[in-house]
Amino acid sequence: MAAEAELASGGDVVVVRLPSISEEDPLHRDKKRILERANLSCLFQVPISSSTADACRLLDKMIHAARVAHMDELELYFAGDDDYGPFSARNELESLNLLLKIMNTLLVTASDGAKGVLQVLEDEIVVRLRSVGLTDNNQMAVQEQNQDTEDSLLKWGEDQGVKSKLQIAFFQGAGRGMVASENIGVGHIALEIPESLIISEELLCQSDMFLALKDLNSITTETMLLLWSMRERHNPSSNFKMFFETLPSNFNTGLNFGIGALAALEGTLLFDELMQARQHLHQQYDELFPMLCTKFPEIFTQDIYTWDNFLWACELWYSNSMMVVLSSGKLTTCLIPVAGLLNHSVYPHILNYGRVDQATKSLKFPLSRPCKAGQQCFLSYGKHSGSHLITFYGFLPREDNPYDVVPLDLDMSVDEEDGTAQSVSSSVTAHMVRGTWLSRSGGPPTYGLPQRLMSHLRTVLNCGHNESIPKADIKENDRMVLETLITIFSPMLEGLGEPDDYNRESASWDLKLALAYKDLKRRIISSIVTSCTSGLALLDS
């Protein structure tokens, strides 16, 4: 990050520089075009005599520029020409935290005259960071439960050097999570885990299992770690005995769905994903066993390396692992005791946590937005759809998830031949939709639908928009596009059927998740059909 303060015009202006968009960014061209269209740059001049209102107006422009710089492919796809965000909680937190760091840096070296306006900007950024996630009304209810086992885990962690401002709690419908034991501000460390407590391939390399398997090219390091975990779970002298003892006996992810839940999902994309994932795991297990038990009987005992234990270990690594850059500089998949208790949210408090601090040899979890004492502290598991989260983690987010999209199998060559896509260029390789309640524009020319999708269909139907087309023809062209979309999505909605008439209170955990997923898909596709129908009514009015 490059930020510097300058005094110009006799010292009455502070120059704030945001990092320029890297040419190595695959979305560089799109982001530059958006900034140019909005008449924005990465350089802002802030008069030190600015009123609070004027300073905040300049801050709005800085935030717009930062949002564009932090946009990902999906956010670019769904952003309209005049849409400057916020695009997602992740994007907003990244943008505001960048600006907060810049202001902090500038305040250190700025003159007394410049500090006033910089402090106004910093205070306003903190206010906006506090507002992220406040619209989420689906807070999890704390559940009274015996926590002796979990308290033992925290005590063990503290004895091993863990530093924490968090406590373990149980939440209805979500199991374990962590709450702040005190008010924690932006940039403050909520949790710090010594590198010696991280389960990674560096630990694996010290074991007899690694020596036995290292020359078998068919077995990856990730698979070795999974096999190591199966044995370590049953090792009474393990250094991680407390960690393994406090793990659940069942992770309840989509990989463990029963016949009833799978039957409820039949015909959905999630059903296909689950069946493919289960088939892959069964194939992987069959390739390993009984071969390893025969070849290395002293290491791979048949009582431990069963299918059920293998599936448990797979679920452990899928649902609890994190990608971390160790002090050696190597990026690797790890298990991190205590940190694995943090739940995911679309509005996370902890966003960036993937590198061991070289000075302290510890992994730190700083906050990207404040967390009050007693409030659940959330981690981001990544930019995942609901189907992915069900398959590998066993839950659906309670909040609107911007990554819940429905991919569309459309001919992309039309976009390439036409070359007139208005929203995103060749960066995006597919068309998609998501719930139109996430759109900020319900009328023409997009009717709450992705602008790039509308442009694509207008090209396919040879009914594009431009200034030379009469308004009557534009209306007729929009009618063709909306009617085409209805023919695509109405069968999808019918295929999902009516909401299932189950007593969900008494339903099994997996059936509840399956039905919740179908409800979500029904809601998304219904919103598309409703938006198209409303658009047609608008054209008739």
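The values are calculated or read from the model by the stated rules, or taken from the named source; none is laboratory data. Here the structure is a predicted model, which is why all the values come from computation and not from measurement. Glycine gets a Cβ as well: all are built from the backbone with ideal geometry, and neighbour counts include every protein chain shown. Only protein heavy atoms, including side chains, enter the accessible area calculation; ligands, DNA and RNA are left aside. Shrake-Rupley method; radii C 1.70, N 1.55, O 1.52, S 1.80 Å.
With helices as the sole contributors, the chain gives -14000 deg cm²/dmol at 222 nm; each DSSP H run of n ≥ 4 counts as -39500 (n - 2.57), and the sum is divided by every residue. Give me P(r) over the stretch 142-393, computed from all C-alpha to C-alpha distances, binned every 5 Å, as integer percentages. Computed distribution, short to long bins: 1, 5, 12, 16, 18, 17, 13, 10, 5, 2, 0, 0. Applying the Karplus relation 6.51 cos²θ - 1.76 cosθ + 1.60 with θ = phi - 60° to the stretch 297-306 yields 3J(HN,Hα) values of x, 6, 9, 9, 7, 5, 6, 8, 8, 8 Hz, where x marks Gly and Pro.
Under a 5 Å amide H cut-off, with hydrogens placed 1.01 Å from N, Val13 pairs with Ala8, Ile48 among residues at least 5 apart or on other chains. Divide the volume of the convex hull around the Cα atoms of the stretch 41-165 by the residue count and you get 194 Å³ per residue. Counting only Cβ charges, +1 for Lys and Arg and -1 for Asp and Glu, the dipole size of the chain around its Cα centre is about 940 debye.
Let me check against my output: what whole-number percent is the relative contact order of the chain, with C-alpha pairs under 8 Å and at least 6 apart?
15
Ranked from highest to lowest mean number of other Cβ atoms within 10 Å per residue, what is the order of the peptides 29-37, 351-359?
Details: 29-37: 16.4, 351-359: 14.1.
Put in order of decreasing packing, that is 29-37, 351-359.
Using a probe of 1.4 Å on the protein chains alone, the accessible area found for Asp151 is around 80 Å². Annotation: aspartates and glutamates with alpha-carbon distance below 18 angstrom to Lys471 (same-chain offsets under eight excluded): Asp540. Element breakdown for the stretch 13-131 at a 1.4 angstrom probe: carbon and sulfur atoms account for 50% of the accessible area.
For the residue pairs Lys31/Lys383; Lys165/Lys241; Lys101/Lys383; Lys364/Lys521, the alpha carbons lie more than 31 Å apart in Lys364/Lys521. A straight line joining the Cα centroids of the stretch 61-114 and the stretch 280-337 runs 40 Å. Principal axis extents of the Cα atoms in the stretch 225-299, from largest to smallest and rounded to whole angstrom, are 47, 31, 17.
Expressed per residue, the C-alpha convex hull volume of the stretch 248-347 stands at 175 Å³.
Close amide H contacts of Leu363 (hydrogens built in the peptide plane, cut-off under 5 Å, sequence separation of 5 or more or a different chain): Ile193, Glu195, Asp357. Pair-distance distribution of the chain: all C-alpha pairs, bin width 10 Å, starting at 0; shares per bin in whole percent are 3, 15, 22, 24, 20, 11, 4, 1, 0. When DSSP beta bridges are restricted to pairs lying wholly in the stretch 142-393, around 90% turn out antiparallel.
Converting phi to 3J(HN,Hα) with the Karplus coefficients 6.51, -1.76 and 1.60 and the offset θ = phi - 60°, the stretch 400-405 yields 5, 9, x, 9, 7, 10 Hz in sequence order, with x at every glycine or proline. Taking every full run of DSSP H in the chain, the ones that stretch at least 15 Å from end to end by Cα along their long axis and average -0.5 or higher on the Kyte-Doolittle scale are 52-69, 89-109, 112-131, 221-232, 307-320, 471-496, 509-540.
Per-peptide packing, taken as the mean over residues of other Cβ atoms within 10 Å, places 181-188, 159-166 in the sequence 159-166, 181-188 from highest down. Heavy-atom accessible area for Phe489, with the other protein chains in place and a 1.4 Å probe, reaches approximately 0 Å². Under a 5 Å amide H cut-off, with hydrogens placed 1.01 Å from N, Leu166 pairs with Ser181 among residues at least 5 apart or on other chains. Distance between the C-alpha centres of the stretch 461-512 and the stretch 187-251: 47 Å, rounded to the whole angstrom.
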